[in-house]
Amino acid sequence: GDSVTQMEGPVTLSEEACLTINCTYTATGYPSLFWYVQYPGEGLQLLLKATKADDKGSNKGFEATYRKETTSFHLEKGSVQVSDSAVYFCALSEHSNYQLIWGAGTKLIIKP
Amino acid sequence: NAGVTQTPKFQVLKTGQSMTLQCAQDMNHNSMYWYRQDPGMGLRLIYYSASEGTTDKGEVPNGYNVSRLNKREFSLRLESAAPSQTSVYFCASSERSGANVLTFGAGSRLTVL
């Protein structure tokens, strides 16, 4: 079945460091891919998405590119802030059933 | 703009007790969902309601029941709580089934002793 694998956390970085959170997937078709973010004490919210190969999603300085050849959708940011501390979830949706398949989440801690 | 509101935020139950988690959305969304979040496992879908009047099982429905009371409200009931149901529960909604942009509530932390 479809699945999403994320790098284990926590990931701890200093403010202004570069960030990459790895996400790879397995799917039978051509899924849409998503990054959701969960700030402390809150529900998840959509960060960015991409619906086809080579699409780049971006929001709040974060980017992720849909790489079909490597089945990956890595989340990147050039300079992180303390306010980026959160749990980040990668997810996919097959167009055939539209239900979201979630990764386990990666906790990001940014130190001042 | 409340979005998705869940109650209660915290609950402690004893094994065998029952309870209902309430969820309401004010965005006129058609589809609603209940997920559970466990450490290291991401989110798992318990039940969903594609539209008012319909409900369907998700990945982990055993031990739960749901009611889509009207377009705004979608409740999750534990008839006889078990320690394995200790988790954080999230309600979410979307404009329609198949729209993968979900709006989540803040979560309900349930502990079953």
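We did not get these values from a lab; they are worked out from the coordinates using the rules stated. Just so it is clear, the model here is predicted, and its values are computed rather than measured. No Cβ is skipped: glycine too gets one built from the backbone with ideal geometry, and neighbour counts run over all protein chains shown.
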Point to revise | Stokes-Einstein D (µm²/s) once Rh is taken as the Kirkwood radius of chain B over alpha-carbon pairs, at 37 °C in 0.692 mPa s | key: 237
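Can you tell me the convex hull volume per residue for the stretch B:20-77, based on C-alpha atoms, in Å³ to the nearest whole number?
Details: hull volume 4.8 nm³, N = 58.
So the per-residue hull volume is 82 Å³.
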Review point. Taking the protein assembly as shown as the region of interest, what is the percent of Cα-Cα pairs per 5 angstrom bin, listed from the shortest bin to the one with the maximum distance?
Key: 1, 7, 15, 18, 18, 16, 12, 8, 4, 1, 0
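Over chain A, what relative contact order in percent results from Cα pairs under 8 Å that are six or more residues apart? If you can, show how the numbers build up before the last one.
Values: 291 pairs, mean separation 40.8, N = 112.
Dividing the mean separation by the residue count of chain A yields 36 percent.
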Exercise for review: Please build a GNM for chain A, connecting alpha carbons under 10 Å apart, and tell me which residue among A:Glu69, A:Glu94, A:Glu15 fluctuates the most.
Suggested key: A:Glu69
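With 10 angstrom as the radius, rank B:Val101, B:Val4, B:Val88 by how many other C-beta atoms surround their C-beta, starting from the fewest. Before the final figure, lay out each step's value.
Numbers: B:Val101 11, B:Val4 23, B:Val88 16.
Result, fewest neighbours first: B:Val101, B:Val88, B:Val4.
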Check your understanding: Sorted from largest down, what three extents in whole angstroms do the Cα atoms of chain A have along their principal axes?
Key -> 44, 27, 21
Check your understanding: Which order do A:Ser83, B:Ser75 fall in if you start with the one that has the fewest other Cβ atoms within 10 Å?
Key -> A:Ser83, B:Ser75
